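> So that we are looking at the same thing, I have put the structure below in structure tokens.
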Amino acid sequence: MSFALHKMLHAAACAGLLASTAAGAAPSAPANIRVEHAWIRWLPANLPAAGYATIINDGDGMQRLTGASSADYASAMLHHSRLAQGDSTMEMVGHLDIPAHGSVKLAPGGYHLMLSHAAHPVKPGDKVPVTLRFADGTTLQVNFSVLPANAAPSG
Amino acid sequence: MPLRRSPIRWLFATAAIVLLAACAAHPQWQLDDVQGHLPDLKFSMTNDLGQPVTAATYRGKVVLLYFGYTHCPDVCPLTLVHLHTVLQKMGKAADDVRVLFVTVDPSRDTVPVLHQYVTAFDPRIAGLTGTQDAIAQLAKRYRAFYKPETPKDKAGDYDVTHSSAIYVFDRDGHARLLATPGSSNDEILHDLDILVGQ
């Protein structure tokens, strides 16, 4: 089920990429989208790490985040942690809507980017460029700051 | 009516003092009081240095028991960061506290990986692993649940759904309190300060 979702997401992303390539132009940045407090919680032993950020939509229309990728990680997936009856579980998320004149927080204990299989050792202090993809075919590259495992940023 | 020091008045005053003393002996816990509802700490496992450990190893320390796994990038770190923050706030008293992070994913959580993971958060956190059976028994003892999910990608990565409670034991290994990821740092700090002082 979740694998199928991932495949669909991948297919959708490829379709978006193909469409923009066919148009002969690089994907443009989404209008009115800003990203703040983008950070990654570093973990040792090349373990999967979580990426967090606040995505702000200053526009009049909803924006739909459909996926992410990074040259520094083989896999970047949108996940949601959920607590149900005392059990903690993670689920893949196909997309995330950022409401008009609103914002969505990717924050510990909720939505996050799960970054797996780092292409090279990533360490605290690094900046990792992550490309966010939106449903309208636009993309936005954001630099995520890598913080220590026990960081507790307020942002 | 004239005031008189009747024996009845003295009785009330004494009763009030006794009640106050009783309140002091039974502190107002901010976490869930589970005393008498969960069994004493008992296990036989391996720590993140590869040494065999049992509940007796940690006798004399206030113990926080948490089930998790290292391929858990969000909720497990969030919980360990909460506990790290609380231990920092406790100062010297935190030397009498140990957090035991029991892996529910022993096939991927080797001793070296577990060691790197827990020490990245706090030196007072120990990672524990063991046979599938030993882990299952410990989880069952505290009615904790865990279940590996189906691999979600071609690389064979999988998540493990697991109970998120933190079980708190006193210096004698008696189960005393239950915290959840929703418990605030202040609530945990408040209760740990009392337990360490007992």
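> Identify the single condition in (1) over 14 Å from the mean Cα position of the chain (by Cα); (2) exposed (fewer than 15 other Cβ atoms within 10 Å of the Cβ); (3) farther than 30 Å from residue A:108 by Cβ that residue B:57 does not satisfy, given that it satisfies every other one.
Condition (2) is where residue B:57 drops out.
> Would you check if residue A:106 is in contact with a His (Cβ under 9 Å, 6 or more places away or on another chain), farther than 23 Å from residue B:116 by Cα, without any contact (Cβ under 8 Å) to a residue 60 or more places away in the chain and more than 14 Å from chain B (Cβ to nearest Cβ)?
For residue A:106, the condition - in contact with a His (Cβ under 9 Å, 6 or more places away or on another chain), farther than 23 Å from residue B:116 by Cα, without any contact (Cβ under 8 Å) to a residue 60 or more places away in the chain and more than 14 Å from chain B (Cβ to nearest Cβ) - is not met.
> Right, residue B:74: charged (D, E, K, R), within 19 Å of residue B:165 (Cβ to Cβ) and either crowded, with 18+ Cβ neighbours inside 10 Å or at pLDDT below 95 (or both) or not?
Taking the combined requirement at face value, the residue satisfies it.
> If you take the residues in segment A:78-99 that are in contact with a strand residue (DSSP E or B) (Cβ under 6 Å, 6 or more places away or on another chain) and more than 13 Å from every other protein chain (Cβ to nearest Cβ), which one is surrounded by the most Cβ atoms within 10 Å (Cβ to Cβ)?
Checking each candidate, the answer is A:98.
> Of all residues in segment A:32-72 being out of contact with any strand residue (DSSP E or B) (no Cβ under 7 Å at 6 or more places or on another chain) and within 14 Å of chain B (Cβ to nearest Cβ), which is farthest from residue B:79 (Cα to Cα)?
Ranking the qualifying residues of segment A:32-72, first place goes to A:45.
> Still on this structure: Which number in (1) touching a Pro at 6+ places or on another chain (Cβ under 9 Å); (2) within 20 Å of residue B:149 (Cβ to Cβ); (3) surrounded by 20 or more Cβ atoms within 10 Å (Cβ to Cβ); (4) among the aliphatic types (A, V, I, L, M) marks the one condition that residue A:149 misses?
Here residue A:149 clears every test but (2).
> Can you pull out the residues in segment B:140-156 that are within 12 Å of another protein chain (Cβ to nearest Cβ), surrounded by fewer than 21 Cβ atoms within 10 Å (Cβ to Cβ) and either over 24 Å from residue A:76 (Cβ atoms) or at pLDDT 90 or above (or both)?
Scanning segment B:140-156 gives B:142, B:143, B:145, B:146, B:147, B:148, B:149.
> Of the conditions (1) over 18 Å from residue B:35 (Cα atoms); (2) within 12 Å of chain A (Cβ to nearest Cβ), residue B:166 clears all except one; give me its number.
Residue B:166 satisfies every listed condition except (1).
The values are calculated or read from the model by the stated rules, or taken from the named source; none is laboratory data. Quick caveat: nothing in here was measured; it's all calculated off a predicted structure. Using ideal geometry, Cβ is built from the backbone for each residue, glycine included, and neighbour counts are taken over all protein chains shown.
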